[in-house]
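The values are calculated or read from the model by the stated rules, or taken from the named source; none is laboratory data. This structure is a prediction, so every number in the text was calculated from the model and none was measured. Here the Cβ positions follow ideal geometry from the backbone for every residue, glycine too, while neighbour counts run over all protein chains shown.
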Amino acid sequence: MQITSPAFKENARAALADAQLQKALGNVREGFIDKRQRAVDALPEFDALRDSARSIKDHALAHLDLYLEAYEKKVTEAGGHVHWAETGADARAIILEICRAAGARTVTKGKSMITEEIELNHFLEKEGIRPVETDLGEYIIQLRRESPSHIIAPAVHLTKEQVEADFRRMHDHLPFARDLSEPESLLNEARRVLRAQYFMADVGITGANFLVAETGSSVIVTNEGNGDLTQILPRVHVVVASIEKIVPTLEDMGQILRVLARSATGQDMSVYTTVSTGPRRPGDPDGPDEYHVVLVDNGRSAMLGTEFQDMLRCIRCGACMNHCPVYHAVGGHAYGSVYPGPMGAVLTPSLVGVDKAGHLPNASTFCGRCEAVCPMRIPLPKMMRHWREREFSRGLNPATQRYGLRAWALFARHPRLYRLATAIAIPALSLFSAGKGRFRHLPLAGGWTKHRDMPAPEGRTFMQQWRDRDALKQGGQA
Amino acid sequence: MTEDMMKKPRVGLFVTCLVDLFRPAVGFASVKLLEEAGCEVEVPMAQTCCGQPAYNSGDRADTIAIAKNTIESFEEYDYIVAPSGSCAGMLRKHYPGLFKGDAHWEARAAAFSAKVHELVSFLVDVMGVDRVTAAHSGSVTYHDSCSGLRELGIREQPRRLLATVSGLKIKEMRDADVCCGFGGTFCVKYPDISNRIVEEKTANIRAAGADTLIAGDLGCLMNMAGKLQREGSDIEVRHVAEVLAGMDDRPAIGRGQG
Ligand code: SF4
């Protein structure tokens, strides 16, 4: 997708004024939070599981090279092929080559954020290959030629009515009078339309929630079963996965699975957990003839050993954005990159550069709710602050902000100067409010007073009053 | 000097810059509550601000300079108490990390941070206060400010003490634990988003049907008071210390005399 993160402010303003979007965002607030809480409350060991999930990933990241090599060996033994892609462009070229070799005209796709990250669909279309998204949400946004606005609910920015209108427009071979008023009827229609595509596809592309080093397996979790049809029906299955998806063993995967669905949708488990290892073996009832894994780095290895390494624990559950007040206010598209919300605010600058994505780690109140719910205990606010530090040290934030901050800091660093200045300014400001107790407008504070009144200082500062009180007391004692 | 006085814990009050400049009553209420709990309270004159504006803007050098000044001014006390979860969180949770690699200051910061508490949690958890003598006729709703709640685990303590204020009734609002949209410099850097968040908050506050909104952080309170007033609401807004200390006879935040 086109990165529009530099225009975050404008994006946000448009999002705030978009009534449809605001209505749809209400669903995020209602839909995810209570369900997650119920699932968490029902599992007393949830926090202990989070700790163990964190250690599993930390261990895997500390020995990433070792586990990736072990994984490659197992995939190869099972008859599959592993391809290493350093950049998005490398990954696209590898995938194109596989598609070309298979003579592919149509490819079906399971839901995958990494293929969004490397902008695969657009690229395949340009090369004359038709990608068909099979996850309902992805299918809808593909019809609309949009990007996902949420990492697990890509079409969450849309209302049911908008989807109905899109289906009527795009599925014009179906009778117009059909009833599409219920979400189920929309789902069934998408199913029917997609069914035909599965059989047309020559290649099926999926992402991976986990890569298991011990067995050489890739694992996806879905609720619609579309992933299974995508990877079993076509002759060739391509798994695209970023390198940090690796876990050592199946047991490790099982541990992390227990926090994944609960954090994401409040389910104990997703409906389908599909483990695939290599191509179809003689005697297997089904499966692809060819099995490829494209391992994508695209900036990950550069995060290892830095203050951003913890971000590589992310399992893409979406809980951080579901609980983020900023995400609730503006939705995912305003972030202007593939990954929105708090996890995007940390990850996007790593992928596209903090000079482009500088707004994202700044647009946070640091309320800490994301970190409080993250199943992998990723310190998201802390890492956003690290980005702010990098911006500050490179002089990337606006000059007015920098000078304002430096001027304030000059006082804050020098207590006597600070006392003197505030003792003059504050009573003056208080007088200026003319006893009303607040300002409706205030020079230099337009950001505040545009939307709310500004409480005025009430007279002399606490410190002035305290000093008088102390002097009085001592005078009294003497 | 009596033995009793010698045993009194010496508390250094970290007033916080907002209380100092905008709402001195909160400082006096804090002193009163601490003294009633049996502490000897002092207010070091060399304090300014906890440094969060610099810290959260990525300005490490200024943050460190401010933190050193704070530590030097307060390290002699048995406890350092602030009427703000946000500032206490900064002093307690973030100061030691500023000095990674500087063994001398790291140790000083760690010793300092271990003694820092937010006011209400200090009264309840450290001083064992389980009731106050104040009275307040009417109903209040309590907003959990983010840092206090998530960094310091402050949730039950203020509600427990408020429940002992005679005549006071607590009416919980929906999503009391969701951010009010203040976020320090966030509210001026992203005013439109901040406004959307505080609108959501004031809707929940109004729906709770209480006469007074209470919280433990002046930044959040000024944000919510400013929004309520712009919306024409007459809900009063006060810091929890004012109500607990029985000092709620003066005009509410942003209300003035005329
Ligand atoms: S950062 Fe944490 S909460 Fe957010 S998507 Fe990743 S794992 Fe989930």
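Residue-by-condition table, conditions (1) closer than 20 Å to A:ILE3 by Cα; (2) not β-branched (Val, Ile, Thr):
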position: A:ILE95; (1), (2): no, no
position: A:ARG105; (1), (2): no, yes
position: A:THR108; (1), (2): no, no
position: A:GLU117; (1), (2): yes, yes
position: A:GLU125; (1), (2): yes, yes
position: A:VAL132; (1), (2): no, no
position: A:PRO154; (1), (2): yes, yes
Can you tell me how many residues in the stretch A:316-345 are touching a residue at least 60 places away in the same chain (Cβ under 8 Å), of a type in the set (A, V, I, L, M), more than 10 Å from the ligand (Cβ to nearest atom) and surrounded by 24 or more Cβ atoms within 10 Å (Cβ to Cβ)? 3
For the stretch A:378-413, give me each residue that is within 16 Å of the ligand (Cβ to nearest atom) and at the interface with chain B (Cβ under 10 Å from one of its Cβ atoms). A:PRO381, A:LYS382, A:MET384, A:ARG385, A:HIS386, A:TRP387
Among the residues of the stretch A:332-339, is there at least one that is under 13 Å from the mean Cα position of the chain (by Cα), closer than 24 Å to B:GLN52 by Cα, at pLDDT 95 or above and part of a helix (DSSP H, G or I)? no
Can you pull out the residues in the stretch B:36-86 that are outside any loop (DSSP other than H, G, I, E, B) and closer than 26 Å to B:ARG131 by Cβ? B:GLU36, B:GLU40, B:VAL41, B:GLU42, B:TYR79, B:ILE80, B:VAL81, B:ALA82, B:GLY85
Only listed residue being more than 14 Å from chain B (Cβ to nearest Cβ), within 16 Å of the ligand (Cβ to nearest atom) and among the acidic types (Asp, Glu), chosen from A:ASP297, A:ASP289, A:ASP252: A:ASP252
Among the residues of the stretch B:44-60, write down those that are more than 8 Å from chain A (Cβ to nearest Cβ) and either at pLDDT below 95 or touching a Gly at 6+ places or on another chain (Cβ under 8 Å) (or both). B:PRO44, B:GLN52
Within the stretch A:59-96, residues among the acidic types (Asp, Glu), surrounded by fewer than 15 Cβ atoms within 10 Å (Cβ to Cβ) and over 21 Å from A:SER276 (Cβ atoms) come out as A:ASP65, A:GLU86
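Matching residues to (1) crowded, with 24+ Cβ neighbours inside 10 Å; (2) more than 10 Å from every other protein chain (Cβ to nearest Cβ); (3) not aliphatic (A, V, I, L, M):
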{"residue": "B:CYS179", "(1), (2), (3)": "yes, no, yes"}
{"residue": "B:PHE182", "(1), (2), (3)": "yes, no, yes"}
{"residue": "B:VAL198", "(1), (2), (3)": "yes, no, no"}
{"residue": "B:ILE214", "(1), (2), (3)": "yes, yes, no"}
{"residue": "B:ASN223", "(1), (2), (3)": "yes, no, yes"}
{"residue": "B:ASP234", "(1), (2), (3)": "no, yes, yes"}
{"residue": "B:GLU242", "(1), (2), (3)": "yes, yes, yes"}
{"residue": "B:GLY246", "(1), (2), (3)": "no, yes, yes"}
Yes or no: the stretch B:150-165 includes at least one residue that is within 14 Å of chain A (Cβ to nearest Cβ), without any contact (Cβ under 8 Å) to a residue 60 or more places away in the chain, touching a helix residue (DSSP H, G or I) at 6+ places or on another chain (Cβ under 7 Å) and assigned to a helix (DSSP H, G or I). yes
Does the stretch B:53-64 include one or more residues that are within 22 Å of A:ARG406 (Cα to Cα), of a type in the set (A, V, I, L, M) and free of Cβ contacts under 8 Å to residues at least 12 places away in the same chain? yes
Regarding the stretch A:364-371, can at least one residue be identified that is among the small types (Gly, Ala, Ser) and more than 12 Å from the chain's Cα centre (by Cα)? yes
Considering A:ASN188, A:ASN121, which residue is free of Cβ contacts under 8 Å to residues at least 60 places away in the same chain and crowded, with 23+ Cβ neighbours inside 10 Å? A:ASN121
Could you tell me whether the stretch A:430-439 includes any residue that is more than 16 Å from the ligand (Cβ to nearest atom), in a loop (DSSP other than H, G, I, E, B) and among the hydrophobic types (A, V, I, L, M, F, W, C)? yes
Pairs, please: C-beta under 7 Å, at least 6 apart or cross-chain, first residue more than 15 Å from A:GLY137 (Cα to Cα) and in the stretch A:161-185, second among the hydroxyl-bearing types (Ser, Thr, Tyr)? A:ASP179/A:SER185
Residue tally, condition away from chain B (no Cβ under 14 Å) and assigned to a loop (DSSP other than H, G, I, E, B), over the stretch A:1-45: 8
Could you tell me how many of the residues in the stretch A:209-262 are in contact (Cβ under 8 Å) with a residue 40 or more places away in the chain, on the phi < 0 side of the Ramachandran plot and in a loop (DSSP other than H, G, I, E, B)? 10
Please specify each residue of the stretch A:420-460 satisfying the condition of being in contact (Cβ under 8 Å) with a residue 40 or more places away in the chain and within 7 Å of another protein chain (Cβ to nearest Cβ). A:THR422
Considering only residues of the stretch A:211-235 that are out of contact with any Gly (no Cβ under 7 Å at 6 or more places or on another chain) and of a type in the set (A, V, I, L, M), which is surrounded by the fewest Cβ atoms within 10 Å (Cβ to Cβ)? A:LEU229
What number of residues within the stretch A:372-429 satisfy the criterion of being hydrophobic (A, V, I, L, M, F, W, C), modelled with pLDDT under 95 and outside any helix (DSSP H, G or I)? 1
Residues of the stretch B:13-35 being out of contact with any Gly (no Cβ under 9 Å at 6 or more places or on another chain), facing chain A (nearest Cβ under 7 Å) and not in a helix (DSSP H, G or I), which ones? B:ARG23
Of the residues A:GLY266, A:GLY283, which is more than 28 Å from A:VAL193 (Cβ to Cβ) and without any contact (Cβ under 8 Å) to a residue 40 or more places away in the chain? A:GLY283
Subset of the stretch A:346-377 (residues that are more than 12 Å from chain B (Cβ to nearest Cβ), touching a Leu at 6+ places or on another chain (Cβ under 8 Å) and surrounded by fewer than 24 Cβ atoms within 10 Å (Cβ to Cβ)): A:ASP355
Please determine, by comparing only the residues of the stretch B:84-125 that are crowded, with 16+ Cβ neighbours inside 10 Å, basic (Lys, Arg) and touching a helix residue (DSSP H, G or I) at 6+ places or on another chain (Cβ under 7 Å), which one is farthest from B:LEU162 (Cα to Cα). B:ARG108
